[in-house]
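Report on the following structure.
The values are calculated or read from the model by the stated rules, or taken from the named source; none is laboratory data. On a predicted model such as this, the values are computed, not experimentally measured, just so you know. Neighbour counts run over all protein chains shown; Cβ positions are idealised from the backbone, glycine included.
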Amino acid sequence: MIRPQLVFVHGWGFGPAFWEPLRTELSANASTALDLGFFEPEQPDELGGSMVEVSHLLDAPSGPLVAVGHSLGVPWLLRQSRFRFEALVSLGGFGRFDVPPGPVRAMRRGLTRNANRILAAFHQSCGLPPHLVPDSSTARPDRLAEGLDWLLAWDERPALASLGLPVLALAAKDDAVVLPALSRASFPHGLDMLPKGGHAFPATRPGECARLIAAFLANL
């Protein structure tokens, strides 16, 4: 049996380093972390895998692949037609960010005035550990604004409903960004809810996530 390679895609306001705790826990699995470009490119991967800029997605590994997305990373993955995934792991993900758009629009306006302040407030709301907070001096406000536009515009609920692949969906009860009600609406046919961990639960609770992902992979 060929062990599938994991392809990680982070959410808005993060970079590939977000995945370091979880990828360390899943060290037996080969993996690649894609970079959506919200910050200047990071240092070379130290976990034995690779980090691939979105502009170079054709360099991503060949299958069998399992897509692992966090938050915005899930609808981003659902929009990709160039890869054939064997399964999807959603961590705080959704098909559509179906919430009132006012706060997202306010964040977008704020990026032009003080991107550092917007990012700091967002990371705090996520419960992101300080050592994993990206260096805001490397932020790319234009790309961050584009990412917020994606949140406002994308509706991948039809793609998620017709996916036809095994799906593992995890969420956290204390997620203040993707509320439990949105998680349940996004995955009505099966959702594992962690008792805590915040929106950054893949980084704050990597052991629990890794255990559930490993069990899911074992049953593919």
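Residues in region 88-132 that are touching a residue at least 40 places away in the same chain (Cβ under 8 Å), of a type in the set (A, V, I, L, M, F, W, C) and surrounded by 20 or more Cβ atoms within 10 Å (Cβ to Cβ): Leu88, Val89, Leu91, Phe94, Phe97, Met107, Leu119, Cys126, Leu128. Identify the single condition in (1) surrounded by 14 or more Cβ atoms within 10 Å (Cβ to Cβ); (2) of a type outside the set (Lys, Arg); (3) touching a residue at least 24 places away in the same chain (Cβ under 8 Å) that Ala176 does not satisfy, given that it satisfies every other one. Ala176 satisfies all of (1) surrounded by 14 or more Cβ atoms within 10 Å (Cβ to Cβ); (2) of a type outside the set (Lys, Arg); (3) touching a residue at least 24 places away in the same chain (Cβ under 8 Å) except (1). Is there a residue in region 180-191 that is over 18 Å from Gly73 (Cβ atoms), crowded, with 17+ Cβ neighbours inside 10 Å and modelled with pLDDT of 95 or more? No: zero hits. For region 129-162, the candidate set comprises residues that are touching a Pro at 6+ places or on another chain (Cβ under 9 Å) and not in a helix (DSSP H, G or I); within that set, the residue that is farthest from Leu72 (Cα to Cα) is Pro129. Check region 189-208 and report whether any residue there is within 23 Å of Phe85 (Cβ to Cβ), of a type in the set (Gly, Ala, Ser) and not in a helix (DSSP H, G or I). Among the residues of region 189-208, at least one is within 23 Å of Phe85 (Cβ to Cβ), of a type in the set (Gly, Ala, Ser) and not in a helix (DSSP H, G or I), which makes the answer yes. For region 163-188, the candidate set comprises residues that are out of contact with any helix residue (DSSP H, G or I) (no Cβ under 9 Å at 6 or more places or on another chain) and in a loop (DSSP other than H, G, I, E, B); within that set, the residue that is farthest from Ala87 (Cα to Cα) is Leu179.
Among the residues of region 195-210, those that are of a type in the set (A, V, I, L, M) and crowded, with 21+ Cβ neighbours inside 10 Å comprise Ala200, Ala203.
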